[in-house]
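S.K.: Dumping the structure here so I can ask a few things about it.
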Amino acid sequence: MTRALICCFFCFLLTGCWGMKEIDHLAYVHAIGVDYEDGQVIAYAQLISFTGLAKAEAGGGRQKSTVTVGKAKGETFNVATDRLYYAIQQRVSWGHVKGIVFTERALKKGLVRDVIDVLDRYNEIRHTIWAFTTKEPIEHIFETTPFLDYSPYFSLLANPTDIYEQSSFIQPKRLNQLIAASNEKAVTFPLPSLAVETKSWTENKKKKQMLKIDGVCFLHRYDKQACLPRHKLDGLRWVTKGTGRTPIYIQPNGNMIGTLVVRAPKASISYKIKDGHPVFTVDIQATGSIIELRKQMSEKQIIEYATKTVEKEIKSLFQLGVKEGVDTLQLSNALYRQNVNDWRKYTTNGFVSLTNDTLEKINVKLSIDTYGKSKK
């Protein structure tokens, strides 16, 4: 009898996992979208299934990718996300969100600060999720899946660093980087812009839509300054810390004769006071490899051409910033880091007044260490 009473007592204490939900009974939000229209905030949620992903990782065949997109409107972002629950059939998990996308309308309305305030107060959302903007409908972004039936878990929206390590032009950014930069008065934050590419790929003889990064929207303290296309931002790669591998196409007189791949360029910015204003010098150091050479050129000629290309791209990026009123080279932040007293003296609202004379000099030191597989 005593043993029976003890067993009954412990049965009451051992509650087990009766309140837990099976993983396939949850709806997993993979990405969040934010838009604004007609006075309403529009919240999007991209849901994906992990079933096919688990089978593929276990060595089984891949299943066709399935994506579900939810949409709701509200007076605020929080109200809109609450309304996503109205017509969903399962409990929602927000702990696996990989990315967040703001439309340019949302940036212009100043919704970034409000959205981050909500996410800060919700413990399931991680600040390491990837942050993007777009000028396209968010449904198009969220409905675009990788080729070969890969899970959206491996899309550019969720894993942008894989391709960036191979071809570095516009660096992906995480939400915590956006938050940190927006708390700095002198920082201009380049938020990558997503678009849908419809011309480059086909699958089963049909056009295959794929995601790409097609530009940048520059933000200052969460507020939009300007959105610029990728083809005008080649100089950004030379002043971005973390650029891994990026090409210079050697084409004097417009004729393509070779390619130099540059690895891990290092940039530094210095300044001096001239005629009562700060002027800046940008120094670039880099090493590259020749991977294509269709016409005989000396090493000196290749370095000369590549050096001029880097200088031209940086100068073009700076002049674009002067035109748009955007500190694309982060000159104000360099001044702030080096001498906060001069920064206070020579800036307005945290920024140096940009003119064509503000960038005084660009110095590029480039070397070639290999010519393909074998070292020279």
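The values are calculated or read from the model by the stated rules, or taken from the named source; none is laboratory data. Just so you know, these numbers come straight off a predicted model, no measurement behind them. Methodologically, a virtual Cβ is constructed for each residue, glycine included, from the backbone with ideal geometry; neighbour enumeration extends over all protein chains shown. Quick note on the areas: whole protein, heavy atoms, side chains included, nothing else; ligands and nucleic acids left out. Shrake-Rupley method; radii C 1.70, N 1.55, O 1.52, S 1.80 Å.
For (1) under 12 Å from Val67 (Cβ atoms); (2) modelled with pLDDT under 95, each residue gets a yes or a no:
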position	(1), (2)
Arg121	no, yes
Thr133	no, no
Phe142	yes, no
Pro146	yes, yes
Tyr153	yes, yes
Leu156	no, yes
Ser167	no, yes
Ile170	no, no
Lys173	no, no
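S.K.: With the condition kept exactly as written, say whether any residue in the range 220-230 is farther than 25 Å from Ala158 by Cα and among the charged types (D, E, K, R).
M.R.: no
S.K.: Can you tell me how many residues in the range 270-293 are open to solvent by less than 40 Å² (accessible area, probe 1.4 Å) and closer than 30 Å to Phe351 by Cα?
M.R.: So the count comes out to 7.
S.K.: Follow-up question, since we're still on this one. From Val112, Val92, grab the single residue that is under 18 Å from the mean Cα position of the chain (by Cα), surrounded by 15 or more Cβ atoms within 10 Å (Cβ to Cβ) and not aromatic (Phe, Trp, Tyr).
M.R.: Val112
S.K.: I need the full set of residues from the range 214-261 which are over 24 Å from Lys308 (Cβ atoms), assigned to a loop (DSSP other than H, G, I, E, B) and touching a residue at least 40 places away in the same chain (Cβ under 8 Å), in order please.
M.R.: Tyr222, Gly242
S.K.: Scan the range 76-91 for residues that are out of contact with any helix residue (DSSP H, G or I) (no Cβ under 6 Å at 6 or more places or on another chain), at pLDDT 90 or above and not basic (Lys, Arg) and jot them down.
M.R.: Listed by number, the residues that qualify are Thr76, Val79, Ala80, Thr81, Asp82, Leu84, Tyr85, Tyr86.
S.K.: With respect to the numbered conditions (1) open to solvent by less than 80 Å² (accessible area, probe 1.4 Å); (2) closer than 30 Å to Ala334 by Cβ, which one is the sole condition not fulfilled by Lys185?
M.R.: (1)
Here is a yes/no grid of residues against (1) out of contact with any strand residue (DSSP E or B) (no Cβ under 6 Å at 6 or more places or on another chain); (2) closer than 28 Å to Asp117 by Cα; (3) open to solvent by 10 Å² or more (accessible area, probe 1.4 Å):
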position	(1), (2), (3)
Lys199	yes, no, yes
Asn204	yes, no, yes
Gln209	no, no, yes
Gly215	no, yes, no
Gly244	yes, no, yes
Tyr249	no, no, yes
Pro252	yes, no, yes
Ala264	yes, no, yes
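S.K.: Among the residues of the range 305-345, count how many are open to solvent by 50 Å² or more (accessible area, probe 1.4 Å) and aromatic (Phe, Trp, Tyr).
M.R.: 2
S.K.: Scan the range 344-373 and report the pairs whose first residue is among the hydrophobic types (A, V, I, L, M, F, W, C) and whose second residue is assigned to a loop (DSSP other than H, G, I, E, B), with Cβ atoms within less than 6 Å and a gap of 6+ or a chain change.
M.R.: Hits for this filter: Phe351/Asp327.
S.K.: Sort out which residues of the range 307-332 are over 25 Å from Leu366 (Cβ atoms) and not basic (Lys, Arg), and write them in order of number.
M.R.: Val322, Glu324, Gly325, Val326, Asp327, Ser332 - these are the residues of the range 307-332 that are over 25 Å from Leu366 (Cβ atoms) and not basic (Lys, Arg).
S.K.: Of all the helices (runs of 4 or more DSSP H) wholly in the range 91-189, which have at least 1 residues that are in contact (Cβ under 8 Å) with a residue 12 or more places away in the chain and within 16 Å of Leu47 (Cβ to Cβ)?
M.R.: 138-143
S.K.: While we're looking at this one, here's another question. Can you report the number of residues in the range 325-348 which are part of a helix (DSSP H, G or I) and either under 24 Å from Pro265 (Cβ atoms) or in contact with an Asp or Glu (Cβ under 7 Å, 6 or more places away or on another chain) (or both)?
M.R.: The number of residues fulfilling the criteria is 8.
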